[in-house]
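The values are calculated or read from the model by the stated rules, or taken from the named source; none is laboratory data. Everything numeric in this text was worked out from a predicted model, so none of it was measured. Please note: Cβ atoms are built from the backbone with ideal geometry, for glycine as well, and neighbour counts cover all protein chains shown.
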Amino acid sequence: MNLALIIIFATIILSSILGIYAGRRVKMNLENWTVGGRRFGIILIWLLMAGEIYTTFTFLGASGWAYSKGAPTFYILIYGALAYTFSFFVLPALWKVGKRYNLHTQPDFFIKRYDSRYLGILVALIGVVCIVPYLQLQLKGLGLIVEVASNGAVNPRIAIGISFVLTCAFVYTSGIRGAAWVAIIKDIMMILAVFIVGIGVPYIYFGGFGKMFRTLIEKKPDFLVFPGSAPEMDVLWIMSTLLVMGLGFYMWPHVFGSAFSAKSAKVIKRNAIIMPFYQIPILLIFMVGFTALLVIPGLKDGDMAFMALVNKTYPSWFMGFVGAAGAVTAMVPSAILVLFASTQLAKNVFKAGFKPQMSEEKVMILSRFMVLVIMIFALIFAIFFPNELVPLLIFGYNGVSQFFPGVVLGLFWKRVTKAGVFCGLIAGVGVVLILILGNRDPFLGMNAGFVGLVVNLLTTVLVSLKTKPSTGGFR
């Protein structure tokens, strides 16, 4: 187990050093810090966006759902494919306006397109509220992974604290470039771990995928048929969830902003073509969850299925490798999440709302300070209140999808107005909050985020048709 601990912490430290080194020769202004000078090619963009998307959920959540819910898990595989198709058509147009108008963040888009600082402030605040519980989830997941990988030898708070300091260090010094460089290590380790375990455990315990599935069907004949072991997640819930998550996938502020870091619109299109290859590891993680259900039934926490099965099957040094991969998998999205949350607070809330004449240099200083503030906030919740943000986390996924009408209509429909987008956003977010906090999700069998998105879209279109378009916008 000592060897496992050495592997875990050596990987965390080396990854952080690489992240700090990434910005060593770059003049770190706001442009380079947030969007890497808009110089990332196809490889860095691919690794960066995969680094944002494939988080601790890859190790814990996907296998946990396969272990505990069955058939509804397959929505995870489908909505990504829908999102990549959507990105092929929308993100290149978004990149072009980002380049033309020097946009750095998602609220920048709304401010420029609708000529409204107040709409930008609203978008920034909603985005940060959605980001913080997602960041807290990464820190909590990292702690769980290291605790299990070390067989309880390392307190999860210690692992979270060390990663917190190192992540802050490379975000502060290198910005998005540091996250992109660390994503190289993260993706290599994650893919190796997933392929070795995902292909290995079905063969070790059952002699192959076919025999594993036959055994699963014999023991749980309804497990792979909707709604599996989750009665509330029937076909209507799956279809509505696929739509809201497929359309809202690139509406996360950190994913949205990262599109601006590409060096051309062609890079964005090529990335959309190759990103579906990342769905293959997700499928293999499902196999781990299904195998774990048969080999280790009765786990109290299904999210521990992947780590528990690895711990049962492989030697301790490999457990250390998987733990290290999981730790870096948490650090990369954490870095990007805190980067864009801090930039939005500094540039799109403080500057836009209180000091419009604030220089870019001072915005950069404030953004770096806000990195520490946001990470401390997330750290406190991850350590002391690990379950308090669950409703906000659910809201996060459904909340960011409410940006979809304002973004897509803003790119492709000249008639949309700031009043329409503002009213639609308030209506959509309001519906999501009412349904989730009122324990009415699903609503009539549908995902609350989808219900909110329909209300949002209808409100945006109707109000836009009744109001006068703004004089600003893209020309």
Worksheet, complete the sentence: Scanning the range 436-475 for residues that are farther than 30 Å from Asn102 by Cα, of a type in the set (Gly, Ala, Ser) and crowded, with 21+ Cβ neighbours inside 10 Å gives Ala448, Gly449, Gly452
Practice prompt. Kindly establish whether Ile8 is touching a residue at least 60 places away in the same chain (Cβ under 8 Å), buried (at least 22 other Cβ atoms within 10 Å of the Cβ) and of a type in the set (Val, Ile, Thr).
Written response: yes
Worksheet item: Pick from the range 87-133 the residues that are of a type in the set (Ser, Thr, Tyr) and surrounded by fewer than 24 Cβ atoms within 10 Å (Cβ to Cβ): which of them is nearest to Thr55 (Cα to Cα)?
Response: Ser87
Discussion item. Looking at the range 429-442, I want the residues that are on the phi < 0 side of the Ramachandran plot and touching a residue at least 24 places away in the same chain (Cβ under 8 Å) and have a partner that is surrounded by 15 or more Cβ atoms within 10 Å (Cβ to Cβ) and in a loop (DSSP other than H, G, I, E, B) with Cβ atoms under 8 Å, at least 6 apart or on another chain. Which pairs are those?
Written reply: Asp441/Asn447; Pro442/Met233
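Can we say Phe422 is more than 30 Å from Met28 (Cβ to Cβ), part of a helix (DSSP H, G or I) and not hydroxyl-bearing (Ser, Thr, Tyr)?
Yes: the conditions hold for Phe422.
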Discussion item. Take the residues in the range 51-86 that are surrounded by 22 or more Cβ atoms within 10 Å (Cβ to Cβ) and either in contact with a strand residue (DSSP E or B) (Cβ under 8 Å, 6 or more places away or on another chain) or among the small types (Gly, Ala, Ser) (or both); name whichever of them is farthest from Pro221 (Cα to Cα).
Written reply: Gly51
Worksheet item: Can you spot a residue in the range 268-277 that is within 21 Å of the chain's Cα centre (by Cα), of a type in the set (A, V, I, L, M, F, W, C) and over 28 Å from Ile196 (Cβ atoms)?
Response: yes
Worksheet, complete the sentence: Quick count over the range 443-457, residues being part of a helix (DSSP H, G or I) and in contact (Cβ under 8 Å) with a residue 12 or more places away in the chain, is 9
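Quick grid of which residues meet (1) in contact with a Pro (Cβ under 7 Å, 6 or more places away or on another chain); (2) farther than 22 Å from Val171 by Cα; (3) without any contact (Cβ under 8 Å) to a residue 24 or more places away in the chain:
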position	(1), (2), (3)
Thr291	yes, yes, no
Pro297	no, yes, yes
Lys300	no, yes, yes
Met304	no, yes, no
Ala308	no, yes, no
Phe321	no, yes, no
Pro333	no, no, no
Leu339	no, no, no
Gln344	yes, no, no
Worksheet item: For the range 411-435, how many residues are within 24 Å of Leu337 (Cβ to Cβ) and buried (at least 21 other Cβ atoms within 10 Å of the Cβ)?
Response: 4
Worksheet entry | Candidate set from the range 403-457 (those that are closer than 18 Å to Phe249 by Cβ and polar (S, T, N, Q)); member that is modelled with the lowest pLDDT | Asn447
Worksheet item: Which of the residues belonging to the range 15-25 are of a type in the set (A, V, I, L, M, F, W, C) and buried (at least 16 other Cβ atoms within 10 Å of the Cβ)?
Response: Leu18, Ile20, Ala22
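Being among the hydrophobic types (A, V, I, L, M, F, W, C) and within 20 Å of Ser367 (Cβ to Cβ) is the filter here; which residues of the range 93-123 pass it?
Pass one, the range 93-123, residues among the hydrophobic types (A, V, I, L, M, F, W, C): 93-95, 97, 103, 109-111, 119, 121-123.
Those that are among the hydrophobic types (A, V, I, L, M, F, W, C) and within 20 Å of Ser367 (Cβ to Cβ): Leu103, Phe109, Phe110, Ile111, Ile121, Leu122, Val123.
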Fill in: Members of the range 49-71 that are out of contact with any helix residue (DSSP H, G or I) (no Cβ under 6 Å at 6 or more places or on another chain) and more than 21 Å from Lys186 (Cα to Cα)
Lys69, Gly70, Ala71
Worksheet item: When you go through (1) under 22 Å from Phe109 (Cα atoms); (2) in contact with a helix residue (DSSP H, G or I) (Cβ under 9 Å, 6 or more places away or on another chain) one by one for Leu444, which number turns out not to apply?
Response: (1)
Worksheet item: Counting residues that are within 15 Å of the chain's Cα centre (by Cα) and modelled with pLDDT of 90 or more, which helices (runs of 4 or more DSSP H) fully inside the range 48-145 reach at least 2?
Response: 75-101
Response to the item:
Exactly one of Val322, Val288 is buried (at least 24 other Cβ atoms within 10 Å of the Cβ), under 20 Å from Phe213 (Cβ atoms) and β-branched (Val, Ile, Thr), and that one is Val288
Item to complete: Using the structure shown, decide if Gly152 is buried (at least 22 other Cβ atoms within 10 Å of the Cβ) and over 13 Å from the mean Cα position of the chain (by Cα).
Response: no
Response to the item:
Matching residues in the range 349-368 (touching a residue at least 12 places away in the same chain (Cβ under 8 Å), under 28 Å from the mean Cα position of the chain (by Cα) and over 18 Å from Ile336 (Cβ atoms)) number 8
